[in-house]
Amino acid sequence: MRRNPPVPRIPRLGIAVASLAFVLALTGCGSAGPTTLDAAKVSEKTSAEVDSCHIITTPEEFGAPSDARPPVDCAEPHSTQTFLVTSFPQPLANQKERPLQEQLHNATNRLCPADELRKYLDGTPRDATAGMEIAAYYPSRAEWAAGSRTVRCDVLLTANSGGPQQTTLNLKGALAGPDSAQIRLCYSQDIKDGVLSGEGADTLCSEPHTAEDVSAWIGQDASLVSLAAQQERCLPFVLEFLKADVLPEDREVRPVLRIDGGSRAIRCAVAPRQDVPAEWTGTLAPARAVNDGAVSG
């Protein structure tokens, strides 16, 4: 399956503030579909609704440009959840035949933006996620010929292999909910003789970890060699994540060093204050209430 290369979670301009970002996948051949406009509308009605859930079982299905199967109950095991339904834009929408796969691929970034997913998840600028991808599903060739231009934007959880993973988690408002650790980004650092490694590997916060990301990266220049300097630069982001004016006594700023492509960067993170470093599971994010799509902290 042809896939986009991973995209950075953040822009890198000075102190970069992380935003939700995902690997976008869009490959495969169009599936057969209805041959009349009425049939296309029926297909859209059953499979292209916000909050609907779907089962994608193979990487080929995940990467296919179309998915005509009906949705499933989100309380049951499912692979994807629709966070946005939109229409294919002009001028390509005027084509009699469905655009080429590369054209569909290029349109996905604009039609299914990560910012819209952040809103759907009820995320804040300090919420970093892991193990999720965005997929766009377009009308089949027959549906396109019948006049359909509906685009279904789905979010899905992925396994370590990169393929789709089934879940019973409802992702609407998930970052404000009690199970948000399942999609939050944390780090696992080696602990040797009671000393933490400065580097850390990405993991989900529902797995054992030593630090939780607060969605801010800083380029490591000469002024950030010492741990104290790193902590000072990360402190404002940690406070924003914790929704606190001062750092609580039971929390500490824990920067994580990452070296990607020869470039050294600091990922700002937070952890429980401990005499002896240890792993834990769960999230330190404050609980938030969700009311009719509005989040309050």
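A short reminder: the numbers here are calculations on the coordinates, not readings from a lab. These numbers come from a predicted model, not from an experiment. Here the Cβ is made from the backbone with ideal geometry for all residues, glycine too, and neighbour counts use every protein chain on show.
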*Give the long-range amide H neighbours of R254: residues separated by 5 or more places, or on another chain, with amide H under 5 Å away, using H modelled in the peptide plane at 1.01 Å from N.*
A269, V270, A271
*What order, most packed first, do the peptides 253-263, 188-198, 78-88 have when packing is the mean number of other Cβ atoms within 10 Å of each residue?*
78-88, 253-263, 188-198
*Order of 96-102, 138-144 by packing, highest average Cβ count within 10 Å first?*
138-144, 96-102
*Given H placed 1.01 Å from N in the peptide plane, which residues other than close sequence neighbours of S52 have an amide H under 5 Å from its amide H?*
T82
*Excluding S180 itself, calculate the net charge of residues whose Cβ lies under 10 Å from the Cβ of S180, where each Lys or Arg counts +1 and each Asp or Glu counts -1.*
-1
*asked:* If each residue of separation counts as 0.36 nm, what is the full-extension length gain between Q103 and V246 once their alpha-carbon separation is subtracted?
replied: 46.6 nm
*Local net charge near G200, Cβ-Cβ under 12 Å (Lys/Arg +1, Asp/Glu -1)*: -3
*What list of ³J(HN,Hα) values in whole Hz, one per residue of the stretch 238-246 in order, does the Karplus curve 6.51 cos²θ - 1.76 cosθ + 1.60 (θ = phi - 60°) give from phi, with Gly and Pro shown as x?*
5, 4, 5, 4, 7, 6, 10, 7, 10
*Arranged from highest to lowest average of other beta-carbon atoms within 10 Å per residue, in what order do the peptides 273-281, 175-183, 147-155, 103-111 appear?*
147-155, 175-183, 103-111, 273-281
*Cα centroid distance between the stretch 82-112 and the stretch 162-217, in Å?*
33
